[in-house]
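Structure first, then comments.
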Amino acid sequence: MISSAQNFTSAQNVVDHLLLGVSDLDRGIEWLEERTGVRAAPGGIHPGVGTRNALLSLGAGYYLEIIAPDPSQSVYNFQIDVRSRTDPRIVTFAASTKDIETLATTARKAGYKVFGPAAGSRQPPSGKILRWRTLGVLNQLGTGGIEHVPFFIQWDAGSPHPSQSAPAGCQLESLEFQHTNPSDLSGALRTLGMDAKIAQAGAARIIATLQTPKGRVELS
């Protein structure tokens with residue numbers, strides 16, 4: 001987990017969860033099950049954000065969140081627009097931190113505008129309410145509907161981590177990035193305490209390799 005930006009940690013090691021964006025949640029669940037052999041379980045809705053999700057564990061402390069518009073909400077305030085994304089894509093990820101206040105201070109000192117820390121919660125279909133705080137870092141590196149710079153999450157003490165209850169069977173093996181400007185992306189991630197494998201490419205991608213009941217699967 002990231003506690004400060006003084007030491008670089010592999011982005012893969014600080015992943016809390018990957019976000020797989022798609023325009024229809026049921027389609028996303030079916031698509032992921034076809035590839036991995038594991039069916040993600042509905043997680044709940046995000047009131048006021050306009051999204052709902054389904055979750056799949058990637059091992060202790062890691063999970064994948066399929067995120068899609070919630071038809072029952074009339075607003076859409078999620079920072080990435082997945083409403084027209086018929087083919088599921090990894091659109092961003094959340095990085096775990098134990099000290100979100102210090103991280104916010106570090107980002108501000110580096111010249112970034114930040115959003116938060118902001119409290120959030122969600123009521124799963126069954127079980128204890130999940131509570132957390134998140135921090136967003138405004139940057140100009142997002143492209144093609146993909147945000148390589150993550151948002152940060154700190155789970156409240158006593159709040160269960162979703163990886164504990166989400167359907168199991170998959171493991172996160174590696175996380176890599178492709179970007180049109182690897183140098184700038186690397187600099188931004190390092191400011192926030194992370195290092196990552198970033199390749200030059202004409203199109204943005206976040207590439208996660210999973211070990212699954214159907215073998216090694218690459219999602220991007």
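Evaluation of Leu130 against the conditions (1) modelled with pLDDT of 90 or more; (2) hydrophobic (A, V, I, L, M, F, W, C); (3) closer than 17 Å to Asn53 by Cβ shows that the sole unmet condition is (1). Pick out, from the stretch 140-220, the strands (runs of 3 or more DSSP E) lying fully within it that include 2 or more residues that are among the aliphatic types (A, V, I, L, M) and free of Cβ contacts under 8 Å to residues at least 60 places away in the same chain. Hits in the stretch 140-220: 198-200. Every listed requirement among (1) farther than 23 Å from Ala203 by Cβ; (2) of a type outside the set (Phe, Trp, Tyr); (3) out of contact with any strand residue (DSSP E or B) (no Cβ under 8 Å at 6 or more places or on another chain) is met by Asp87 save one, (1). Can you work out which of the residues in the stretch 186-218 that are surrounded by 12 or more Cβ atoms within 10 Å (Cβ to Cβ) and among the small types (Gly, Ala, Ser) is nearest to Ile100 (Cα to Cα)? Ranking the qualifying residues of the stretch 186-218, first place goes to Gly193. Looking only at residues that are in contact (Cβ under 8 Å) with a residue 40 or more places away in the chain, more than 17 Å from the chain's Cα centre (by Cα) and assigned to a helix (DSSP H, G or I) in the stretch 62-117, which one is surrounded by the most Cβ atoms within 10 Å (Cβ to Cβ)? Taking the candidates together, the pick is Leu103.
Quick check on Gly120: is it assigned to a loop (DSSP other than H, G, I, E, B) and either buried (at least 16 other Cβ atoms within 10 Å of the Cβ) or not hydrophobic (A, V, I, L, M, F, W, C) (or both)? Considered against the rule, which asks whether it is assigned to a loop (DSSP other than H, G, I, E, B) and either buried (at least 16 other Cβ atoms within 10 Å of the Cβ) or not hydrophobic (A, V, I, L, M, F, W, C) (or both), Gly120 comes out as no. Condition test on Val49, is it over 23 Å from Gln178 (Cα atoms) and modelled with pLDDT of 95 or more? Taking the combined requirement at face value, the residue does not satisfy it.
Out of Gln154, Gln171, Gln123, which single residue is on the phi < 0 side of the Ramachandran plot and touching a helix residue (DSSP H, G or I) at 6+ places or on another chain (Cβ under 7 Å)?
On inspection, the qualifying residue turns out to be Gln154.
Looking only at residues in the stretch 23-61 that are out of contact with any strand residue (DSSP E or B) (no Cβ under 7 Å at 6 or more places or on another chain) and either free of Cβ contacts under 8 Å to residues at least 40 places away in the same chain or part of a strand (DSSP E or B) (or both), the one that is surrounded by the most Cβ atoms within 10 Å (Cβ to Cβ) is Val49.
The values are calculated or read from the model by the stated rules, or taken from the named source; none is laboratory data. Computed from a predicted model, the values in this text were never measured in an experiment. With ideal geometry, Cβ positions are generated from the backbone for all residues, glycine too; neighbour counts draw on all protein chains shown.
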